[in-house]
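Asks: Okay, handing you the structure first.
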Amino acid sequence: MNNKNNHIEENISISYIIDGIKDWFSFIISRARVIILGTLIIMTLVFSYNYITSPVHYARTTFVLDNDSSSGSMGDLSSLASLAGINASSFIDASSLFQIDNIQELYRSSSMLKNTLLSTTLINNQEVLIIERFAEAEKLINKWEKLGISIKDFKNINLTRQQDSLIKESIKLIKKEYLLVDKPSRKTTILEIGFNHKDELLAKAFNENLVSIVNQFYFDTKTLKTGSNLEILKKQSDSVKNVLDESILFLAEKDQNIPNLNALDKVSMVPYQKAMIDVQANSAIYGEIVKQLELAKVTHRNNMPLIQIIDKPILPLENSRWKFLKTFILSFIIGISSIVIGLSFKRIINSV
């Protein structure tokens, strides 16, 4: 008896749900005109917003960072680790990661962003400051002029305290809203630098200048010590070469002064022999310095980090504006869903 009652209750519940769905479909069909009209209105609004408002442009530069000196310096450690039964690849990966972390922080540093803002770029065949274009795009020029700061004043080498303050505010805004520094994969040494802005030319110029300034700074820093040693050895080599040339010339002069040498006149041979010793000593010194110079060149080359650009921003930049087909499909889905949900919600309220 109980089984029959349960079966009847289940049939009643299922039939009740089916009837409710049928009623809901009938209600929706009866409001077809309202749904179509509302969907068209929402689609129009979405299309208008998508094509009237300025899109955000994405300037992206990706490059691979490799440093031969890191692998060379890890050679001895790798040999020792292999003898101890340790996998040295973990040390090498950690070293590469450390370099990537370093350059990532450089891209986020205030000094590099400040140098980028104060750098110049060609926009519409005119050389302008990046900060000038940025202030114009952010509508900051009038605000700064009320503070007594003209945008042209940033061309001066010595900035005032108030100008530094405005640059700091701009850097905070850039870090918060526009700058992207990312490492797409932890297993690679590829770095992605991005700048997003509604001003397409500003986004491209800022991205390119930032990448150029930071990479050059990183390159100069990594090769500073070996470059200094190389310059010192070059100067020493030139100096010793001049001394060697002078000693050779002096030897030739002494040789000319004794054309008919008497084998028994030993004293007259002393200046010539001294000059010969100087030439031999200077030749040995010069040969050693040249050897050290060549080694320094090799070390300097090995210490140079390889920064190879993979992709760089090219006009027109990718932006946040949807394509026509995507806009049509999404606006239709948003429109019809919003109207149907709204009518259904209103119907539920009225029934309650």
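Asks: Between Lys176 and Lys225, what FRET efficiency follows from the Cβ-Cβ distance if R0 is 35 Å, with the result rounded to 0.05?
Replies: Numbers: r = 36 Å, r/R0 = 1.03.
With a Förster radius of 35 Å, E is 0.45.
Asks: Can you compute 3J(HN,Hα) from phi for each residue in the range 34-48, using the Karplus curve 6.51 cos²θ - 1.76 cosθ + 1.60 with θ = phi - 60°, rounded to whole Hz and x for Gly and Pro?
Replies: 5, 5, 4, 5, x, 5, 5, 5, 5, 4, 4, 5, 5, 4, 4
Asks: Based on the mean of other Cβ atoms within 10 Å per residue, sort peptides 196-202, 138-144 so the most packed one is first. Intermediate values should be presented prior to the final figure.
Replies: Values: 196-202: 19.6, 138-144: 13.7.
In descending order of packing, they fall as 196-202, 138-144.
Asks: Between Gln308 and Ala252, what is the spin-label point distance in nm, taking each point 7 Å from the Cα along the Cα→C-beta axis?
Replies: A separation of 5.0 nm, rounded to one decimal place.
Asks: Right, another one. Taking R0 as 41 Å, what's the FRET efficiency between Val243 and Asp164 from their Cβ-Cβ distance, rounded to 0.05?
Replies: Details: r = 51 Å, r/R0 = 1.25.
Efficiency computed from Cβ-Cβ geometry: 0.20.
Asks: Could you sort out which of Lys175/Lys326; Lys114/Lys139; Lys222/Lys297; Lys183/Lys222; Lys241/Lys274 sit more than 23 Å apart by Cα distance in this structure? List each step's numbers first, then the result.
Replies: On the way: Lys175/Lys326 31 Å; Lys114/Lys139 19 Å; Lys222/Lys297 15 Å; Lys183/Lys222 21 Å; Lys241/Lys274 18 Å.
Pairs exceeding the cut-off: Lys175/Lys326.
Asks: Quick one: Karplus J couplings for the range 314-326, per residue in order, coefficients 6.51, -1.76, 1.60, θ = phi - 60°, nearest Hz, x for Gly and Pro?
Replies: Once rounded to whole Hz, the list reads 10, 6, x, 6, 5, 9, 7, 6, 6, 6, 4, 5, 5.
Asks: How much length is gained if the chain between Ile18 and Asn319 is pulled fully straight, taking 0.36 nm per residue apart and subtracting their Cα-Cα distance, in nm to one decimal?
Replies: Working: separation 301, 0.36 × 301 = 108.36 nm, distance 4.68 nm.
Taking 0.36 nm per residue and subtracting the Cα distance, the gain is 103.7 nm.
Asks: May I ask you to sort Phe345, Phe206, Phe63 by Cβ crowding, counting other Cβ atoms within 10 Å and putting the fewest first? All intermediate terms of the calculation are to be shown ahead of the outcome.
Replies: Numbers: Phe345 10, Phe206 27, Phe63 19.
Listed from fewest to most nearby Cβ atoms, that is Phe345, Phe63, Phe206.
Asks: Provide Val243, Val270 in ascending order of the number of other Cβ atoms located within 10 Å of each residue's Cβ, fewest first. Mind showing how you got there, number by number?
Replies: Details: Val243 15, Val270 10.
Final ranking by Cβ density, sparse to dense: Val270, Val243.
Asks: Here's another thing I want to ask about it. Please give the peptides 118-127, 273-282 ranked by average Cβ packing (other Cβ atoms within 10 Å per residue), highest first, as a rough proxy for protection. Spell out each step's value before the answer.
Replies: Numbers: 118-127: 12.3, 273-282: 15.1.
Ranking the peptides 118-127, 273-282 by packing returns 273-282, 118-127.
Every number in this text was worked out from the coordinates using simple rules, so none of it is lab data. If you're wondering where the values come from, they're calculated on a predicted model, not measured in any experiment. Neighbour counts are summed over all protein chains in view; Cβ atoms, including those assigned to glycine, are modelled from backbone coordinates with ideal geometry.
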